[in-house]
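These notes concern the structure reproduced below.
The values are calculated or read from the model by the stated rules, or taken from the named source; none is laboratory data. Just so it is clear, the structure is predicted and the values come from calculations on it, not from any experiment. Cβ coordinates were reconstructed from backbone atoms using ideal geometry, including for glycine residues, and neighbour counts include every protein chain displayed.
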Amino acid sequence: MSAPNKSYDPVEVEALKPEEIERMRDEALAAIAAAAGLEELREVKVAHTGDRSPLALANREIGALPPQAKAEAGKRVGQARGAVNKALAGRQAELEAERDARVLVEEAVDVTLPYDRVPAGARHPLTTLSDRIEDVFVAMGYEVAEGPEIEAEWFNFDALNFPPDHPAREMQDTFFVKPLSGGSETDAAESGVVLRTHTSPVQIRSMIDREPPVYVICPGRVYRTDELDATHTPVFAQVELLAIDEGLTMADLKGTLDHMVRALFGGDLTTRLRPAYFPFTEPSAEMDMQCFACRGESAVNPDRPCRTCSSEGWIELGGCGMVNPRVLTACGVDPGRYSGFAFGFGIERMLMFRHSIEDMRDIIEGDVRFTLPFGMEI
Ligand code: PHE
């Protein structure tokens, strides 16, 4: 008969009683269930499964038990610890799922909200188109030349072979600038100072400033006394080109125009010249480019009407011609040795047909709702 082992401390045995283990386990389970967040659960875990937790301490007491009690107590403590660990893992998963769901709601991005409350500006399409045209010619070795917008009548008209009584010089077409001393309208007409009506005076200045050969492209703002409407504006932008060299012919002009429309509109578009008159060129021509939208097809095929060229097949660009020898002489260039060609056109008009803009006022009014869709590029 084996006598009960009385050699261990009854106080220690107390900690391993089934009710005690159950109490520790239940306390741990209650604390786990009550943990409201992951941080709190971490503390509960340390308190109930850490080295100094009641169950860990109880586990340590097992060694002090008599052999016959060890297995039983070990099983009880082990089961209690297993239950606590399982509950911990379960609660951990629950709290993580709650956190994830909350983060999804709190950090949700509403992709329909405006991405930018202070909209960035955009370059005006006129500027971009003008730059693009300049680039085409700079790539061919032309220089960009600029001049004053308030111009001497001599540069704007006389040097360009406009006779003194030419209708373009009338006050209905040209803004004359009054002398600083003020005076009447008639004084203005006689001031000899105008708002330039084209950028041709820049060509005159270029020829006077340089020795030939001269290859310049002259972009700029020009003024005419037109009323503002859907197709006219008293201030508009122009690009004019001038080439002076030995042996230049109309073939060079035509080749340059063809190159320009291909560079700006793509493909193998061509241009055509129609006889015209300008005082500063001889011969002179109006230049048209083949319609970049229908490529001329609408003119021959009634089933394919084209809005861009009104089914003409061609779009009017501007004027051109061989520089009049009288203009060369006025600028000190020897017409016996040099010849040249020039052309000029309005950029608003090109922008209009290039982008199907129906009202010129949209281009010049400066409303960002018009400008923005062009962004930084056209
Ligand atoms: N200067 C002309 C205009 O403003 C355009 C042009 C330039 C015509 C060069 C022929 C040659 O209308």
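Would you point out which residue out of Leu253, Leu264 is crowded, with 19+ Cβ neighbours inside 10 Å, closer than 30 Å to Gly313 by Cα and among the hydrophobic types (A, V, I, L, M, F, W, C)?
Just a single option satisfies the conditions, and that option is Leu253.
Among the numbered criteria (1) surrounded by 15 or more Cβ atoms within 10 Å (Cβ to Cβ); (2) under 30 Å from Asp173 (Cα atoms), which single criterion is violated by Pro275?
The number of the failed condition is (1).
Could you list, in sequence order, the residues of region 344-361 that are buried (at least 18 other Cβ atoms within 10 Å of the Cβ) and of a type outside the set (A, V, I, L, M)?
Gly344, Phe345, Gly346, Glu348, Arg349, Phe353, Arg354
Check whether at least one residue in region 237-254 is in a strand (DSSP E or B), within 20 Å of Ser311 (Cα to Cα), in the same structural domain as Trp154 (by TED's automatic domain parsing) and away from the ligand (no atom under 12 Å from the Cβ), and report yes or no.
Within region 237-254, not a single residue is in a strand (DSSP E or B), within 20 Å of Ser311 (Cα to Cα), in the same structural domain as Trp154 (by TED's automatic domain parsing) and away from the ligand (no atom under 12 Å from the Cβ).
Kindly list the number of the only condition in (1) in the same structural domain as Leu95 (by TED's automatic domain parsing); (2) at pLDDT below 90; (3) part of a loop (DSSP other than H, G, I, E, B) that fails for Asp51.
(2)
Can you give me the ranges of the helices (runs of 4 or more DSSP H) entirely in region 266-378 with at least 2 residues that are within 13 Å of the ligand (Cβ to nearest atom)?
So the answer is 347-354.
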